[in-house]
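J.: Please see the structure below; I have some questions.
The values are calculated or read from the model by the stated rules, or taken from the named source; none is laboratory data. Not measured: the values here are computed from a predicted model. In this analysis, Cβ positions are derived from the backbone assuming ideal geometry, glycine residues included, and neighbour counts consider all displayed protein chains.
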Amino acid sequence: MLRSIIVEDEVASQEALVNYLADYCPQVQLVALASNIAEGKAAIEQHQPDLVFLDVEMPFGNGFDLLASLDDIRFQTIFVTAFSHYAIRAIQYSAANYILKPIAIEELVAAVEKAELAATAKEQISPTRVLLENIHITQKQRTKIVLPVLEGLEIIRAEAIIHCEAQDNFTLFTLTDGETRLICRTLKHYQSILEPLGFVRIHKSHLVNLEHITKYTKGKGGYVTLSNQRELPVAASRKSELLAQLGQ
(Lines give C-alpha, C1' and ligand atoms only; values in the text may rest on other atoms or scores of the structure.)
Protein backbone atom coordinates (compact mmCIF):
# COMPACT_ATOMS: atom_id res chain seq x y z
CA MET A 1 0.00 0.00 0.00
CA LEU A 2 1.07 3.57 -0.71
CA ARG A 3 0.49 5.67 2.39
CA SER A 4 -0.61 8.95 0.84
CA ILE A 5 -1.45 12.56 1.59
CA ILE A 6 -3.46 15.03 -0.48
CA VAL A 7 -2.50 18.71 -0.30
CA GLU A 8 -5.25 20.63 -2.14
CA ASP A 9 -6.92 23.93 -1.25
CA GLU A 10 -10.05 23.55 -3.43
CA VAL A 11 -12.69 21.54 -1.58
CA ALA A 12 -14.36 20.22 -4.75
CA SER A 13 -11.04 19.12 -6.25
CA GLN A 14 -9.99 17.48 -3.00
CA GLU A 15 -13.27 15.55 -2.72
CA ALA A 16 -13.09 14.44 -6.36
CA LEU A 17 -9.54 13.15 -5.91
CA VAL A 18 -10.49 11.29 -2.72
CA ASN A 19 -13.39 9.58 -4.50
CA TYR A 20 -11.36 8.70 -7.60
CA LEU A 21 -8.59 7.17 -5.51
CA ALA A 22 -11.12 5.09 -3.54
CA ASP A 23 -12.76 3.81 -6.72
CA TYR A 24 -9.80 3.32 -9.06
CA CYS A 25 -6.55 3.16 -7.06
CA PRO A 26 -6.87 0.47 -4.37
CA GLN A 27 -3.12 0.57 -3.70
CA VAL A 28 -3.48 4.08 -2.24
CA GLN A 29 -4.16 4.46 1.48
CA LEU A 30 -5.01 8.06 2.44
CA VAL A 31 -3.57 8.98 5.83
CA ALA A 32 -4.17 12.75 5.79
CA LEU A 33 -5.75 15.66 3.93
CA ALA A 34 -4.34 19.20 3.92
CA SER A 35 -5.67 22.42 2.40
CA ASN A 36 -2.60 24.68 2.52
CA ILE A 37 1.19 24.67 2.70
CA ALA A 38 1.42 24.78 6.49
CA GLU A 39 -1.01 21.88 6.94
CA GLY A 40 0.73 19.94 4.18
CA LYS A 41 4.16 20.30 5.76
CA ALA A 42 2.84 19.25 9.17
CA ALA A 43 1.05 16.22 7.70
CA ILE A 44 4.13 15.10 5.77
CA GLU A 45 6.41 15.43 8.78
CA GLN A 46 3.94 13.56 10.99
CA HIS A 47 2.97 10.69 8.69
CA GLN A 48 6.12 10.22 6.54
CA PRO A 49 4.06 9.20 3.49
CA ASP A 50 5.07 7.18 0.45
CA LEU A 51 3.15 9.46 -1.93
CA VAL A 52 1.91 13.05 -1.88
CA PHE A 53 -0.69 14.49 -4.24
CA LEU A 54 0.31 18.13 -4.37
CA ASP A 55 -1.64 21.04 -5.82
CA VAL A 56 0.72 23.40 -7.65
CA GLU A 57 -1.17 26.66 -7.17
CA MET A 58 -2.36 27.46 -3.64
CA PRO A 59 -2.94 30.61 -1.59
CA PHE A 60 0.17 32.08 0.06
CA GLY A 61 2.61 30.11 -2.09
CA ASN A 62 2.65 26.99 -4.24
CA GLY A 63 3.48 23.32 -4.04
CA PHE A 64 7.11 23.96 -4.89
CA ASP A 65 7.41 26.23 -1.85
CA LEU A 66 6.15 23.37 0.30
CA LEU A 67 8.71 20.95 -1.09
CA ALA A 68 11.52 23.49 -0.67
CA SER A 69 10.63 23.87 3.00
CA LEU A 70 11.21 20.18 3.74
CA ASP A 71 14.58 18.98 4.99
CA ASP A 72 14.24 15.52 3.46
CA ILE A 73 12.05 14.23 0.63
CA ARG A 74 11.64 10.46 0.73
CA PHE A 75 8.22 10.27 -0.93
CA GLN A 76 6.95 10.21 -4.50
CA THR A 77 5.07 13.29 -5.68
CA ILE A 78 2.16 13.61 -8.09
CA PHE A 79 1.57 17.25 -8.95
CA VAL A 80 -1.99 18.40 -9.60
CA THR A 81 -2.22 21.51 -11.75
CA ALA A 82 -4.66 23.55 -13.79
CA PHE A 83 -2.07 24.13 -16.52
CA SER A 84 0.33 26.65 -15.06
CA HIS A 85 2.73 27.02 -17.99
CA TYR A 86 5.96 27.45 -16.05
CA ALA A 87 5.00 24.63 -13.71
CA ILE A 88 4.35 22.13 -16.49
CA ARG A 89 7.69 22.95 -18.12
CA ALA A 90 9.64 22.48 -14.88
CA ILE A 91 7.82 19.25 -14.10
CA GLN A 92 8.52 17.85 -17.57
CA TYR A 93 12.25 18.58 -17.26
CA SER A 94 12.40 16.47 -14.12
CA ALA A 95 10.23 13.58 -15.40
CA ALA A 96 8.05 14.01 -12.32
CA ASN A 97 4.43 12.84 -12.29
CA TYR A 98 1.61 15.29 -12.85
CA ILE A 99 -2.10 15.27 -13.64
CA LEU A 100 -4.15 18.11 -15.02
CA LYS A 101 -7.38 19.55 -13.66
CA PRO A 102 -10.08 18.53 -14.25
CA ILE A 103 -8.67 15.14 -13.35
CA ALA A 104 -8.96 12.39 -15.95
CA ILE A 105 -9.24 8.96 -14.36
CA GLU A 106 -6.85 7.28 -16.83
CA GLU A 107 -4.17 9.93 -16.14
CA LEU A 108 -4.61 9.50 -12.40
CA VAL A 109 -4.31 5.70 -12.59
CA ALA A 110 -1.21 5.93 -14.81
CA ALA A 111 0.47 8.45 -12.49
CA VAL A 112 -0.23 6.32 -9.41
CA GLU A 113 1.11 3.19 -11.12
CA LYS A 114 4.28 5.05 -12.12
CA ALA A 115 4.74 6.34 -8.56
CA GLU A 116 4.19 2.83 -7.19
CA LEU A 117 6.89 1.39 -9.47
CA ALA A 118 9.33 4.13 -8.49
CA ALA A 119 8.63 3.62 -4.78
CA THR A 120 9.10 -0.14 -5.12
CA ALA A 121 12.38 0.35 -6.97
CA LYS A 122 13.50 2.90 -4.34
CA GLU A 123 15.14 4.98 -7.04
CA GLN A 124 18.20 6.87 -5.91
CA ILE A 125 17.50 9.82 -8.21
CA SER A 126 14.64 11.99 -6.99
CA PRO A 127 12.73 13.74 -9.78
CA THR A 128 11.41 16.09 -7.11
CA ARG A 129 14.92 17.20 -6.15
CA VAL A 130 15.82 17.84 -9.79
CA LEU A 131 12.58 19.80 -10.15
CA LEU A 132 13.44 22.04 -7.21
CA GLU A 133 16.89 22.71 -8.65
CA ASN A 134 15.39 23.70 -11.99
CA ILE A 135 12.72 25.91 -10.38
CA HIS A 136 15.43 27.99 -8.70
CA ILE A 137 17.72 28.07 -11.69
CA THR A 138 19.63 31.22 -12.62
CA GLN A 139 20.98 32.23 -16.01
CA LYS A 140 24.43 31.03 -15.00
CA GLN A 141 23.17 27.60 -14.02
CA ARG A 142 22.21 24.74 -16.28
CA THR A 143 18.87 23.04 -16.62
CA LYS A 144 18.87 19.30 -16.01
CA ILE A 145 16.75 16.71 -17.78
CA VAL A 146 15.78 13.39 -16.19
CA LEU A 147 15.77 10.46 -18.63
CA PRO A 148 14.05 7.16 -17.81
CA VAL A 149 16.61 4.45 -18.64
CA LEU A 150 16.43 0.68 -18.13
CA GLU A 151 18.33 0.88 -14.84
CA GLY A 152 16.11 3.66 -13.44
CA LEU A 153 16.63 7.38 -14.00
CA GLU A 154 19.60 9.38 -15.28
CA ILE A 155 20.18 13.13 -14.98
CA ILE A 156 21.62 14.84 -18.07
CA ARG A 157 22.53 18.53 -18.40
CA ALA A 158 20.73 20.06 -21.38
CA GLU A 159 23.94 21.51 -22.80
CA ALA A 160 25.47 18.01 -22.86
CA ILE A 161 22.90 16.90 -25.44
CA ILE A 162 24.08 17.39 -29.03
CA HIS A 163 21.26 15.78 -30.96
CA CYS A 164 18.07 13.75 -30.59
CA GLU A 165 16.93 11.33 -33.27
CA ALA A 166 13.55 9.66 -33.74
CA GLN A 167 13.62 5.87 -33.87
CA ASP A 168 9.99 4.75 -34.08
CA ASN A 169 8.53 5.40 -30.59
CA PHE A 170 12.01 5.84 -29.10
CA THR A 171 14.39 8.80 -29.06
CA LEU A 172 18.15 8.35 -29.40
CA PHE A 173 20.14 10.99 -27.47
CA THR A 174 23.71 11.75 -28.61
CA LEU A 175 25.83 13.34 -25.86
CA THR A 176 28.99 15.42 -25.82
CA ASP A 177 31.00 12.57 -24.28
CA GLY A 178 30.26 10.44 -27.36
CA GLU A 179 27.78 8.18 -25.58
CA THR A 180 24.16 7.65 -26.56
CA ARG A 181 20.93 6.91 -24.69
CA LEU A 182 17.89 5.22 -26.25
CA ILE A 183 14.81 6.44 -24.40
CA CYS A 184 11.28 5.05 -24.65
CA ARG A 185 9.63 8.39 -25.47
CA THR A 186 8.83 9.96 -28.85
CA LEU A 187 10.87 12.77 -30.36
CA LYS A 188 7.75 14.94 -30.28
CA HIS A 189 7.67 14.55 -26.50
CA TYR A 190 11.24 15.80 -26.13
CA GLN A 191 10.74 18.53 -28.71
CA SER A 192 8.19 20.23 -26.45
CA ILE A 193 10.58 19.98 -23.51
CA LEU A 194 13.83 20.96 -25.22
CA GLU A 195 12.81 23.71 -27.64
CA PRO A 196 12.72 26.37 -24.87
CA LEU A 197 16.30 25.37 -24.03
CA GLY A 198 17.69 26.21 -27.46
CA PHE A 199 16.89 23.09 -29.46
CA VAL A 200 15.30 23.19 -32.92
CA ARG A 201 13.54 20.51 -34.99
CA ILE A 202 15.27 20.46 -38.38
CA HIS A 203 13.70 17.30 -39.77
CA LYS A 204 10.99 14.79 -38.89
CA SER A 205 13.75 12.63 -37.43
CA HIS A 206 16.12 15.20 -35.94
CA LEU A 207 16.11 17.66 -33.05
CA VAL A 208 19.41 19.49 -32.54
CA ASN A 209 21.00 21.74 -29.95
CA LEU A 210 21.68 25.12 -31.60
CA GLU A 211 24.85 25.46 -29.50
CA HIS A 212 26.28 22.40 -31.23
CA ILE A 213 25.65 23.50 -34.82
CA THR A 214 29.02 24.50 -36.27
CA LYS A 215 28.02 24.96 -39.91
CA TYR A 216 25.02 25.26 -42.20
CA THR A 217 25.41 24.29 -45.86
CA LYS A 218 22.93 25.64 -48.39
CA GLY A 219 20.63 23.49 -50.50
CA LYS A 220 16.93 22.87 -51.00
CA GLY A 221 16.81 22.29 -47.29
CA GLY A 222 20.53 22.13 -46.80
CA TYR A 223 22.25 20.34 -43.98
CA VAL A 224 23.95 21.15 -40.70
CA THR A 225 27.28 20.01 -39.31
CA LEU A 226 27.35 19.37 -35.58
CA SER A 227 30.16 19.66 -33.04
CA ASN A 228 30.73 15.90 -33.25
CA GLN A 229 31.23 16.25 -37.03
CA ARG A 230 27.96 14.53 -37.87
CA GLU A 231 26.04 15.98 -40.82
CA LEU A 232 22.23 16.02 -40.74
CA PRO A 233 19.71 16.97 -43.41
CA VAL A 234 17.39 19.95 -42.97
CA ALA A 235 13.84 19.51 -44.27
CA ALA A 236 12.88 22.24 -46.76
CA SER A 237 9.80 23.02 -44.66
CA ARG A 238 11.97 23.67 -41.59
CA LYS A 239 14.76 25.61 -43.25
CA SER A 240 13.35 29.09 -42.55
CA GLU A 241 12.81 28.32 -38.86
CA LEU A 242 16.37 27.04 -38.50
CA LEU A 243 17.88 30.07 -40.25
CA ALA A 244 15.80 32.39 -38.09
CA GLN A 245 17.06 30.63 -34.96
CA LEU A 246 20.66 30.79 -36.15
CA GLY A 247 20.21 34.47 -36.97
CA GLN A 248 19.13 35.14 -33.40
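J.: In the stretch 194-237, what count of residues is obtained for those that are touching an Asp or Glu at 6+ places or on another chain (Cβ under 7 Å) and exposed (fewer than 13 other Cβ atoms within 10 Å of the Cβ)?
T.: Qualifying residue count, the stretch 194-237: 0.
J.: Taking the criterion of being touching a residue at least 40 places away in the same chain (Cβ under 8 Å), loosely packed, with under 14 Cβ neighbours inside 10 Å and over 25 Å from Ile88 (Cβ atoms), would at least one residue in the stretch 177-186 satisfy it?
T.: Among the residues of the stretch 177-186, at least one is touching a residue at least 40 places away in the same chain (Cβ under 8 Å), loosely packed, with under 14 Cβ neighbours inside 10 Å and over 25 Å from Ile88 (Cβ atoms), which makes the answer yes.
J.: Here is a further query. Return the residues of the stretch 187-210 that are under 22 Å from the mean Cα position of the chain (by Cα) and among the charged types (D, E, K, R); say none if nothing qualifies.
T.: Lys188, Glu195, Arg201
J.: Here is a list: Gln139, Gln167, Gln191. Which entry is surrounded by fewer than 16 Cβ atoms within 10 Å (Cβ to Cβ), under 25 Å from Gln245 (Cβ atoms) and modelled with pLDDT of 85 or more?
T.: Gln167
J.: Out of Val224, Val149, which single residue is touching a strand residue (DSSP E or B) at 6+ places or on another chain (Cβ under 8 Å) and either within 30 Å of Thr120 (Cα to Cα) or touching a residue at least 24 places away in the same chain (Cβ under 8 Å) (or both)?
T.: On inspection, the qualifying residue turns out to be Val149.
Conditions (1) aliphatic (A, V, I, L, M); (2) part of a helix (DSSP H, G or I); (3) assigned by TED's automatic domain parsing to the domain that holds Asp168; (4) over 29 Å from the mean Cα position of the chain (by Cα), marked per residue:
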| position | (1), (2), (3), (4) |
| --- | --- |
| Lys215 | no, no, yes, yes |
| Gly221 | no, no, yes, yes |
| Asn228 | no, no, yes, no |
| Leu242 | yes, yes, yes, no |
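J.: Can you find a residue in the stretch 30-45 that is in contact with a strand residue (DSSP E or B) (Cβ under 7 Å, 6 or more places away or on another chain), within 14 Å of Leu108 (Cβ to Cβ) and without any contact (Cβ under 8 Å) to a residue 60 or more places away in the chain?
T.: yes
J.: Of the residues in the stretch 66-108, how many are modelled with pLDDT of 85 or more and over 18 Å from the mean Cα position of the chain (by Cα)?
T.: 8
J.: Tell me, which residue of the stretch 193-210 that is among the charged types (D, E, K, R) and not in a helix (DSSP H, G or I) is nearest to Val146 (Cα to Cα)?
T.: Across the stretch 193-210, the extreme among qualifying residues is Arg201.
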